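Single-structure report; data block below.
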Amino acid sequence: MIPFTSKVSGRVLFSILSVTLIAAFVLPDVAPGQEKAPQPEKAPTAATKQPGKPAAAPAAVKAAATPTVAEARAFVEKVEKRLMELSIKYGQADWVSQNFITEDTEALSADANKELIAATTEFATQATRFDGLKLPVDVARKLKLLKLSLTLPAPKNDAERSEIANLVASMQSDYGRGKWCPEGNKEKCLDLGALSRILAESRDAKQLLDAWRGWHAIAPPMRQRYARFVALANKGARELGFADSGAMWRAKYDMTPAEFAKEVDRLWGQVKPLYDALHAHVRAKLREKYGADVAPENGPIPAHLLGNMWAQQWGNIYPLVAPPEREKTFDLTEILKARKMDEKEMVRTGERFFTSLGFAPLPKTFWERSLFTKPRDRDVVCHASAWSIDFKEDLRLKMCIEVTEEDFNTIHHELGHNFYQRAYNRQPLLFQDSANDGFHEAVGDAVALSITPEYLKQIGLIEKVPGVEGDLGYLMKIALDKVAFLPFGLLVDQWRWKVFSGEVKPGDYNKAWWELRKKYQGVAPPVTRSEADFDPGAKYHVAANVPYTRYFLAHILQFQMFRAMCREAGFTGPLHRCTIYNNKAAGAKLNKMLEMGLSRPWPEALEALTGEKQLDATAMLDYFAPLKKWLDEQNKGRKTGW
Ligand code: X8Z
Ligand code: ZN
């Protein structure tokens, strides 16, 4: 959902961050299609025309009386009421369809989504009536957000709007149902969970390759639908005044689309040396493990060797690349299993972290309505997501949890979404979202950075805190997830932005994908690929139309938030040793930012927590500084880059 459903990640709307949605209501300060500098928000005044802007309204509108501030306010109230109703309906339909994938639930969800998109588009068009009117800051912001809110813009004609809603619903369902049946044996099909386990655990290059290929075979049937979806989404974006759907996504950051693209490049420049150092070390270790036939000395790394289906997080190959001090750290997966901690208790443990910061416990309905484990008897969308169905207290998690460290972290990530959703639930609907989408993705991760040995000892999961000798191993483990992720977080939308703008045509979808994977990640396909493949579609967020730059931003932002919370907690040691567990001052500061929702431009929200108004990767660089030093020593005499 999402157009106003609040799913994050999963979807729902409005908030959601999630996903699919459709209309995400977020908003920048820029008029659709314009690349000019953001205008400061105007102070409340009487309705007047903007100086220097002759009225350019069509005759029919001109004939109407000049709109007033009171009318604008009444309009916004009406819009929020209606969109709330439609978002809740969509949220309910989508929840059912993702938890019970069938042709019927898919149709019901697509239909509810269509209604929400239709209403949002209609309201966004009507809102142009107030263009040029001096409005109170909150009303002006809401109108701007309304115009930017759709993640899935759709053409105004009903047939095409139905078509695009159906396309996205069907790609998401196909992804959720995706399986690989070795040798065509329908008795032995493997789903994404099973294939991911092979990628994570197997050290047999042939087996890794089979699993990688098997999963990527789910996507070619989506290729044509994807191309059609792109054409329709662009038509919808253009009807709303944007250059294309990608430009509409980039307009949501309180700056122009062009400025945002530049900002992303600036941040990547800050962290690239750290990534390059990690890449060079990992490549050398993989060569030691698999030999020169499989792992190259200098070129890009084959994508099936990095422990993850998309080579986006590499924590699963930690034992292959760890510093010699690795035995001085601990293996959380082993500990969770040894303690026989079950899925629900993992979520309870995550919840207790948030309550230790001063947040109220999750409502009883969260425990009754969430999905924690993969059902045996039906297809569900297993990709983790956090939902707020009613924009108040009906919070839910949907996740096929496995007892692993990776999923323990993802639980904190998702709970970050849920606690954010509840913190802003007193805001009016159009402000019920994170400051920008990167904020929603960063909060739970910022909290999870506090899962330090010190914390694990406090909650009784380990007996003894390892000494500083364990630090390099600890940092390496985290870098394999967080640093390795950065270029992947960037390139998914670099690809989509080019696809939406028409720079990359359907006939080059796969080629362009692998060019970007090489350019940013230094990763190569493990076997020859062609345009008969559609490898981007084997990633959830492409199939389900969830923007992805949010995760790149979040991976930088979470360290910035973490540093600020540690400062608030009075912590003065090395950043990676800080935990804010039980610290009410840090929690209060975090809550200050969360409860603002989307009511103010994101730099103000960032300032509320950190005192800083700019995104800044120095917190991440400081955090990993000891590891970077070690990596640079290891890499002496090795080639860096590809
Ligand atoms: O999709 C997610 C979350 C839900 S918002 C599980 N993540 C990205 C991914 O899995 O690709 C978290 C990290 C990146
Ligand atoms: Zn998320």
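Readers should treat all values here as calculations from the given coordinates under stated rules, not as data from a laboratory. Values in this document were obtained by computation on a predicted structure and should not be read as measured data. Cβ placement follows ideal geometry from the backbone for every residue including glycine, while neighbour counts extend to all protein chains displayed.
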If one compares the long axis through the Cα atoms of helix 584-596 with the longest principal axis of the Cα atoms of the chain, the angle in degrees, nearest 10, works out at 40 degrees
Isolated cysteines for the chain, Cβ-Cβ cutoff 4.7 Å, are none
A chain fully extended from Phe372 to Ala338 at 0.36 nm per residue, minus the present Cα-Cα distance, gains in nm 10.2 nm
Whole-number value, in Å³ per residue, for the convex hull of the alpha carbons of region 527-608 is 164 Å³
Most packed first (mean Cβ within 10 Å per residue), the peptides 166-175, 627-636 order as 166-175, 627-636
Computed from the beta carbon distance with a Förster radius of 56 Å, FRET efficiency for Lys289 and Ala65 to the nearest 0.05 stands at 0.15
For region 185-248, the Kirkwood Rh over every pair of distinct alpha carbons, in Å, works out to 14.6 Å
Heads up, region 225-297 by the C-alpha gyration tensor (a ≥ b ≥ c square roots of eigenvalues; a/c under 1.5 rounded, else a/b over b/c prolate, else oblate) looks oblate
Rounded to the nearest 500, the 222 nm mean residue ellipticity computed for the chain from DSSP H runs (n ≥ 4, each -39500 (n - 2.57)) alone is -17000 deg cm²/dmol
Rg from C-alpha atoms of region 357-471, normalised by the globular rule of thumb 2.2 N^0.38 Å, equals 1.21
Percent of all alpha-carbon pairs of region 281-434 at distances over 29 Å, whole number, is 36 percent
Protection proxy (average C-beta count within 10 Å per residue), highest first, orders 573-579, 115-121 as 115-121, 573-579
In region 503-606, taking the dipole from +1 charges on Lys and Arg beta carbons and -1 charges on Asp and Glu beta carbons about the Cα centre, the listed residue (Ser530, Phe559, Thr579) farthest towards the positive end is Thr579
For region 183-243 the GluC sites (Glu not before Pro) that pass both the DSSP coil test and the at-most-14 other-Cβ-within-10 Å test are none
Semi-axes in Å, largest first, for the chain (Cα gyration tensor, √(5λ)) are 39, 28, 24
Taking a ≥ b ≥ c as the square roots of the eigenvalues of the Cα gyration tensor, with a/c under 1.5 meaning rounded and otherwise prolate when a/b exceeds b/c and oblate if not, region 434-500 is oblate
Computed for the chain: size of charge dipole around the Cα centre, +1 on C-beta of each Lys and Arg, -1 on C-beta of each Asp and Glu, debye to nearest 20, value 860 debye
Expected sort for 484-490, 420-426, 134-140 on mean C-beta neighbours within 10 Å, highest first, is 484-490, 420-426, 134-140
Once the dipole of region 205-362 is set up from charges on Cβ (+1 Lys and Arg, -1 Asp and Glu), the residue from the list Gly299, Leu240, Leu278 lying farthest towards its positive end is Leu240
At q = 0.10, 0.11, 0.13, 0.15 1/Å the base-10 log of I(q)/I(0) from the Debye formula over the alpha-carbon atoms of region 151-282 is -0.58, -0.68, -0.87, -0.98
Sorted largest first, the Cα spans of region 118-218 on the principal axes come out in Å as 65, 32, 15
